[in-house]
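Below: one structure, written as structure tokens.
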Amino acid sequence: MNNTIKLSERLSTVAAYVTEGAFFADIGSDHAYLPCYVCLYDSKAHAIAGEVKEGPFKSALETVNKYDLSSRVQVRLGDGLQVLRQGEVNVLVIAGMGGSLITSILEEGKDRLQSVQRIIVQPNVNERNVREWFYKNNYTITSEEILEENGHIYEIIIADREAAKSPYKTDLLQEQLLFGPLLIEHKTEIFIKKWKNELSKRIRVIDEMKKAKEQNQDKISEFEKELSWVQEVLKDGNVNSKQ
Ligand code: SAM
């Protein structure tokens, strides 16, 4: 049997942040490639693959059986963190969903998080929502990654419970929540590319809002404020060599 799994760069970057020997959960696991990959490379790791849909749940079971990992990867059908019992896992992964869905899964499952030291998320959009949730819930962002794969730009955010050093500066909190407190410190080419795209999108949205018959002035002002932050971030154009 072929005993290796080839993961996308996106998922292998997520996997790199799962601590050695972790008992971790991958919520919204789909085929359970991530937990199986980690457990194949780390003989001490154990995982729970959570899925809300029957089809992906069955695919996850198939992958676990294919790699003979049923003693270390449990597949559970259920919504969000409801598949977890208190104190079962110390690392949590939620990848490949929108930031709002990730945030609602975290918020609704808050009572299952007591033992979770590290949360690794890869929101497809609305990263800011998840950063806000971490900020309000005592998880400190300790690493952030940005990468491009198959024409998509992905951010991966790693947060640890009550880590000593906060990455935030009080006067820049809102900007840091939007751009990522660590990503903004190392503006890579991909980071610049993402925010150039966002700049064009935001200009278009503001134009549309201004053309509307009934204008929402508060919303326009909010968008214009954010647009000025994006322009500011792109202004100095300093690209960090760390890619
Ligand atoms: N995590 C994998 C990845 O990053 O490649 C799969 C991402 S896939 C796009 C999203 C998966 O999350 C789907 O299989 C979907 O069924 C599952 N999902 C969505 N909402 C969920 C929830 N509330 N609880 C558990 N799984 C959920």
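The values are calculated or read from the model by the stated rules, or taken from the named source; none is laboratory data. As the structure is a computational prediction, the values presented were derived from the model and not from experiment. As a convention, Cβ positions derive from the backbone with ideal geometry for all residues, glycine included, and neighbour counts pool all protein chains shown. Accessible surface is based on the protein model in full, side chains and every heavy atom, while ligands, DNA and RNA are left aside. Shrake-Rupley method; radii C 1.70, N 1.55, O 1.52, S 1.80 Å.
Which condition number in (1) modelled with pLDDT of 95 or more; (2) over 28 Å from His152 (Cα atoms); (3) open to solvent by 30 Å² or more (accessible area, probe 1.4 Å); (4) of a type outside the set (Gly, Ala, Ser) is the one that Asp42 fails? All conditions pass for Asp42, except number (3). Close Cβ contacts (under 8 Å, 6 or more residues apart or on different chains) running from residues in the range 64-93 that are farther than 19 Å from Gln114 by Cβ to residues that are polar (S, T, N, Q) and open to solvent by 20 Å² or more (accessible area, probe 1.4 Å) comprise Val64/Ser70; Tyr67/Asn3.
Gly50: more than 9 Å from the ligand (Cβ to nearest atom) and more than 23 Å from Asn150 (Cβ to Cβ), yes or no? No, not satisfied.
Condition check ((1) modelled with pLDDT under 95; (2) closer than 18 Å to Asn129 by Cα) across all residues:
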site: Ile184; (1), (2): no, yes
site: Ser200; (1), (2): no, no
site: Lys213; (1), (2): yes, no
site: Gln231; (1), (2): no, no
site: Gln243; (1), (2): yes, no
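Within the range 104-147, restricting attention to residues that are of a type outside the set (A, V, I, L, M), in contact with a Leu (Cβ under 6 Å, 6 or more places away or on another chain) and open to solvent by less than 20 Å² (accessible area, probe 1.4 Å), the residue that is farthest from Tyr17 (Cα to Cα) is Gly109.
With a cut-off of at least 2 residues that are more than 21 Å from the chain's Cα centre (by Cα) and closer than 18 Å to Val91 by Cβ, name the helices (runs of 4 or more DSSP H) lying wholly within the range 1-74. Talk me through it step by step, then tell me what you get.
Numbers: elements: 9-16, 33-41, 54-66.
Fully inside the range 1-74 and qualifying: 33-41.
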